[in-house]
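Right, one structure below, let's go through it.
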Amino acid sequence: MQPLVWMLHAGGRRLEDLRELRAEQEVLEELGLRAVPDAGTVGDWLRRQGERGVEGLERVNQELIQGALEQEGEELIVDVDATEIEAEKQEAKWTYYHVRGYMPLVGYVNGICVGQEFREGNVSPGAGILPFAQKCEAALPKGKRIYLRSDSAAYQAEVIDYYSQPGRTFTITADLDAAVKQAIKHLAESEWKPYGTAEGTATDREIAETVHTMNRTKQAFRLIVLRWLNPQPNLFEAERYCYYAVATNREERATEVIWKHNERGTARTGTRN
């Protein structure tokens, strides 16, 4: 079972990808694996095991996660996101991307999958996201600080309240709802500053921040906003600027918070943050 889990961690998506792992003798030695069964053998075993096999895979996965992340720093970054899987099956549901398929939730820490939840394509990405994030946390080594990063699916009062507790922080893409737009309008022109990349490259964007709260949150949080000139204003979108906002309780400078939050796209490649 361990070879299968390691293959999945390495980015494999099909049983045939086990062939790649079998060819890497140095990797096998480092993982303590003497041999790797072929794809057909593993497929037969999985079919015989059924749901019991899936539960076994999860137990092995948790053991591997504990060992792999124990030596990481004091803070672990948990990236939670919904992933679209397009499918041609008749029973597949329509996703919000207007294709048939599935929309499982996945959680990653430094390129390691620490949680997954299979979902139909028509399930909202934000449904049950807090219990899922807590499930991901349960798989991690104890005693670490937790930093949650997510898109706007997690922009919910219960998620923000939970990750406002001691030992937890968050950056979540904010919905540009009426309340957020109103908060942005109250920012004075003098508060907007030039925004540059982490590499020191200037951009056409400006950055500012304010304090914001939601109707059901127990405390306020930082709202960091980027703006840039609307390249195509029209009758339906006459705003002079386009906006992007991130809700957070982290204490770094606003630009650093945005840099960290934008690293979510590298979560599954194992990039260290």
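The values are calculated or read from the model by the stated rules, or taken from the named source; none is laboratory data. The structure displayed is predicted, hence computed values, not measured ones. Counting neighbours? That spans all protein chains shown, and the Cβs are built from the backbone with ideal geometry, glycine included.
Only one of these is among the acidic types (Asp, Glu), farther than 19 Å from Ala153 by Cα and either at pLDDT below 80 or within 16 Å of the chain's Cα centre (by Cα) (or both): Glu55, Glu74, Glu84. Name it.
On the way: Glu74 fails: either at pLDDT below 80 or within 16 Å of the chain's Cα centre (by Cα) (or both); Glu84 fails: farther than 19 Å from Ala153 by Cα.
None of the other options fit; the residue is Glu55.
Quick grid of which residues meet (1) at pLDDT 95 or above; (2) surrounded by fewer than 16 Cβ atoms within 10 Å (Cβ to Cβ); (3) more than 23 Å from Glu251 (Cβ to Cβ); (4) of a type in the set (A, V, I, L, M, F, W, C):
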{"site": "Ile160", "(1), (2), (3), (4)": "yes, no, no, yes"}
{"site": "Ala198", "(1), (2), (3), (4)": "no, yes, no, yes"}
{"site": "Glu206", "(1), (2), (3), (4)": "yes, no, no, no"}
{"site": "Thr210", "(1), (2), (3), (4)": "yes, no, no, no"}
Next on the checklist: Under 6 Å between Cβ atoms, which residue pairs at least 6 apart in sequence (or on different chains) link something in the stretch 124-152 that is on the phi > 0 side of the Ramachandran plot with a partner that is part of a helix (DSSP H, G or I)?
Outcome noted: none
Next on the checklist: Restricting to the stretch 128-145, name every residue that is over 13 Å from the mean Cα position of the chain (by Cα), surrounded by 14 or more Cβ atoms within 10 Å (Cβ to Cβ) and of a type in the set (A, V, I, L, M, F, W, C).
Outcome noted: Ala139, Leu140
Checklist outcome for this item: Residue pairs qualifying under the 7 Å Cβ cut-off, at least six apart or on distinct chains, with the first in the stretch 93-116 being in a strand (DSSP E or B) and the second being basic (Lys, Arg) and at pLDDT below 80, are Tyr108/Arg268
Checklist outcome for this item: The correct count of residues that are touching a Ser or Thr at 6+ places or on another chain (Cβ under 6 Å), within 25 Å of Ala92 (Cα to Cα) and not charged (D, E, K, R) in the stretch 114-168 is 2
